1. Within the stretch 223-274, work out how many residues are at pLDDT 90 or above and of a type in the set (Phe, Trp, Tyr).
2. If I go through the stretch 187-204 residue by residue, how many of them are in contact with a Ser or Thr (Cβ under 9 Å, 6 or more places away or on another chain) and closer than 28 Å to TYR64 by Cβ?
3. Go through the stretch 228-268 and give me each residue that's under 18 Å from MET181 (Cα atoms) and either touching a strand residue (DSSP E or B) at 6+ places or on another chain (Cβ under 7 Å) or in a helix (DSSP H, G or I) (or both).
4. At least 1 residues that are modelled with pLDDT of 95 or more in each: list the strands (runs of 3 or more DSSP E) lying fully within the stretch 23-105 that qualify.
5. Among the listed residues LEU123, LEU146, LEU134, identify the single one that is touching a Lys or Arg at 6+ places or on another chain (Cβ under 6 Å) and of a type outside the set (Lys, Arg).
6. State whether one or more residues within the stretch 178-197 are crowded, with 16+ Cβ neighbours inside 10 Å and among the β-branched types (Val, Ile, Thr).
7. What's the total number of residues in the stretch 150-168 that are surrounded by fewer than 24 Cβ atoms within 10 Å (Cβ to Cβ) and either within 30 Å of SER264 (Cα to Cα) or aliphatic (A, V, I, L, M) (or both)?
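The values are calculated or read from the model by the stated rules, or taken from the named source; none is laboratory data. For clarity, every value in this text was computed on a predicted model and none was experimentally measured. A quick note on method: Cβ atoms are made from the backbone with ideal geometry, for glycine too, and the neighbour counts reach across all protein chains shown.
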Amino acid sequence: MVFKYLLVLMPLVFSFGLRATVVSSSLQADQIGLNKGLYFENNNLAAFGDLFSVLEKMQAPTAYLKLAAGRVRSVIFKKLPDDVGGAYNSMTKSIYLPLELMDTSTRALKSARSLSDISIGTLYHELWHAYLDLVARPERNQIFNLYISQSQILYPDHALQYHDEAYAIFLDEILRNYLQMRKIFEKKTPEVRDRLRDSLSLKKIYEDSFSVTVNGYYFDNWRRRFITSSVNMPSKDRHGIVEILLQNRPPFEYEKAFPEGGFSSSVFFSYLLN
């Protein structure tokens, strides 16, 4: 049995210990409380609501999200244990999300505009695991080949678990940071946005997210604790994720991240009206 745990979308410098989890056995699902309590299940792509369309308007990547979401069997909303922020069940091919993210009228995900950056990061995180399991591994695609070859080089044991976690953490970090900064730009006029592009402090914040320390980890089922690798994810993997998986959106360079052509005046005025 393989047990894989993921960090859930807290800024890495302020880790609160909340975890997103990949489970691969009914025993593990029982241990972390996924099989207990009331839940609501949605069995189609509509479970993700307007997530993809909103992210696309924000120039955020959606390709791997859509591929994974199209193959996930179900999205389950339920009250999760206090230390679990989300889960992907590789046996049932289901994603578990906190009940508070569900729109009670549709039993689907709330509008993406109402979700926190942390919650959207969770979705990028969980859907990476679904993508790896349901798309990349069966197709043996380019990002899977990089993931496999690098994991075998980097770790003496638990290589796939460590590296799976590391990829998810990195995606969480860069995309959450991108969305936070994108929202700052959206609330400004074109003239102010032009000045923001020259900000050295914003440039540093943006570009530092791509070089933050990323250590994979796994859950030791016998000792019942998380084991963190001392290996910091190499730049080869970071470039592969950005260039292959995300198609350079967001890019490494701050100067290319928020071009004026990616905004419309209606976005700014909608903030004024709200």
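1. Residues that pass the stated criteria total 4.
2. Of the residues in that region, 0 qualify.
3. Within the stretch 228-268, VAL242, TYR254, GLU255, LYS256, GLU260, GLY261, GLY262, SER265, VAL267, PHE268 qualify.
4. Correct list: empty, since no element meets the threshold.
5. LEU134
6. Looking through the stretch 178-197, none of the residues is crowded, with 16+ Cβ neighbours inside 10 Å and among the β-branched types (Val, Ile, Thr).
7. Of the residues in that region, 4 qualify.
Okay, residues lined up against (1) free of Cβ contacts under 8 Å to residues at least 60 places away in the same chain; (2) within 12 Å of the chain's Cα centre (by Cα); (3) under 25 Å from ARG73 (Cα atoms):
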| site | (1), (2), (3) |
| --- | --- |
| LEU127 | no, yes, yes |
| ILE143 | no, no, yes |
| GLN152 | yes, no, no |
| ASP157 | yes, no, no |
| MET181 | no, no, no |
| THR189 | no, no, no |
